[in-house]
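Notes for the one structure printed next.
The values are calculated or read from the model by the stated rules, or taken from the named source; none is laboratory data. Small disclaimer: the values here were computed from a predicted structure and weren't measured. No Cβ is skipped: glycine too gets one built from the backbone with ideal geometry, and neighbour counts run over all protein chains shown.
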């Protein structure tokens, strides 16, 4: 009996250690969201699937989903989808194949902010945020919209990855998680704070993202879901409904800042969005000007370490407007990075897009992400 007890305890310890570095991404969709409906006139995607070493390797990674965490891989190049492979779990199927992303949604928030500027709801990205009462007597009121988009808010002593583990805990305290609260609730912790220097260092902070999008909602007002429809339904041409999650179902909490950056869409609609961003960047349009502006105003991360096997956030040395910018020759590449290894890489120069969706981060990013873009 004693030996059986010891074996049981050892089994639990070993199992815990084996999975301690796993970053499981929950796919549960509550439905509490701002949404934009799919379009009857959705953007058509050309498909010409290939069977090569990369597609075969991706299939093996998908077949081994429980170990790799890979559930979806899509490669777009030369104007066509050439790889589109899936292995969804029951939760994703229950969600009608919409895929969750946390921090990739930060980049999409920037895209929404850009459209809000272009539609005239916000004068420009250099406006100070001190006209939103929610931010009064906090360091965020001292910032411009571009500064919070660039993660240079000057909040590094209170939140974010520069000083703490994780980007969403005030003072690193897991009981003070900003992702589950309205901006107004979170600002109670920041009362009396000041931005110490105008040119603050890069600090990856979820609070900056929440401030940026909810400031935009404050300016857009009751037209916000109308704006989302104009962006995703009309401009992008998504086929199915896309969602930004809210931390509260109550309409009374909208003025407090209740949207977070978590985003749900199908794999093909993520591609439609990425493809539109690529085309917008190349276009003579206001949103094209916005995308080129955030690229031109990117900042150096100045991190202690960069690695090539974890994702574009860990690999890239520059950041701007909620996008990661990896240096790959002279190519202009917009990178989105999400929890548990989710990735969208948009090679503007060569017209190539890689989309990776995961529930865990144990796939080979170097082989199916970075190397593909470098090719």
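Numbers below:
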quantity: Filter result (more than 22 Å from residue 287 (Cβ to Cβ) and more than 20 Å from the chain's Cα centre (by Cα)) within the stretch 233-247; calculated: none
quantity: Within the stretch 300-314, tally of residues that are closer than 21 Å to residue 110 by Cα and within 18 Å of the chain's Cα centre (by Cα); calculated: 5
quantity: Filtered residues of the stretch 245-257 (kept if buried (at least 24 other Cβ atoms within 10 Å of the Cβ) and under 25 Å from residue 96 (Cα atoms)); calculated: none
quantity: Failed criterion for residue 292 (all others in (1) on the phi < 0 side of the Ramachandran plot; (2) surrounded by fewer than 19 Cβ atoms within 10 Å (Cβ to Cβ); (3) in contact (Cβ under 8 Å) with a residue 40 or more places away in the chain; (4) out of contact with any strand residue (DSSP E or B) (no Cβ under 7 Å at 6 or more places or on another chain) hold); calculated: (3)
quantity: So residue 142, is it within 21 Å of residue 297 (Cβ to Cβ), surrounded by fewer than 21 Cβ atoms within 10 Å (Cβ to Cβ), over 23 Å from the mean Cα position of the chain (by Cα) and in contact (Cβ under 8 Å) with a residue 12 or more places away in the chain; calculated: yes
quantity: Selection from the stretch 35-67 of residues that are in contact with a strand residue (DSSP E or B) (Cβ under 7 Å, 6 or more places away or on another chain), crowded, with 16+ Cβ neighbours inside 10 Å and in a loop (DSSP other than H, G, I, E, B); calculated: 45
quantity: Filter pass, residue 368 being at pLDDT below 95, in contact with a helix residue (DSSP H, G or I) (Cβ under 9 Å, 6 or more places away or on another chain) and over 23 Å from residue 151 (Cβ atoms); calculated: no
quantity: Some residue of the stretch 222-230 being buried (at least 20 other Cβ atoms within 10 Å of the Cβ) and over 17 Å from the mean Cα position of the chain (by Cα); calculated: yes
quantity: Hits in the stretch 145-171 - residues which are assigned to a helix (DSSP H, G or I) and touching a residue at least 40 places away in the same chain (Cβ under 8 Å); calculated: 145, 146, 147, 148, 149
quantity: Contacts under 6 angstrom Cβ, first residue in the stretch 347-375 being within 24 Å of residue 46 (Cβ to Cβ), partner in a loop (DSSP other than H, G, I, E, B), 6 or more apart; calculated: 348/332; 349/332
quantity: Exclusive hit being touching a strand residue (DSSP E or B) at 6+ places or on another chain (Cβ under 9 Å), buried (at least 24 other Cβ atoms within 10 Å of the Cβ), farther than 23 Å from residue 373 by Cα and modelled with pLDDT of 95 or more, set 70, 108, 149, 135; calculated: 149
quantity: Within the stretch 297-312, tally of residues that are modelled with pLDDT under 95 and over 17 Å from residue 371 (Cβ atoms); calculated: 4
quantity: Evaluation of residue 32 against (1) touching a strand residue (DSSP E or B) at 6+ places or on another chain (Cβ under 6 Å); (2) surrounded by 14 or more Cβ atoms within 10 Å (Cβ to Cβ); (3) at pLDDT below 95 (one fails), failing number; calculated: (2)
quantity: Any chance residue 300 is farther than 15 Å from residue 112 by Cβ and without any contact (Cβ under 8 Å) to a residue 12 or more places away in the chain; calculated: no
quantity: Listing of helices (runs of 4 or more DSSP H) fully contained in the stretch 271-375 that carry 3 or more residues being more than 19 Å from residue 68 (Cα to Cα); calculated: 286-296
quantity: Selection count, the stretch 182-209, where residues are more than 22 Å from the chain's Cα centre (by Cα) and either free of Cβ contacts under 8 Å to residues at least 40 places away in the same chain or on the phi > 0 side of the Ramachandran plot (or both); calculated: 4
quantity: Residue list for the stretch 250-268, restricted to those being more than 20 Å from residue 113 (Cβ to Cβ) and within 15 Å of the chain's Cα centre (by Cα); calculated: 266, 267
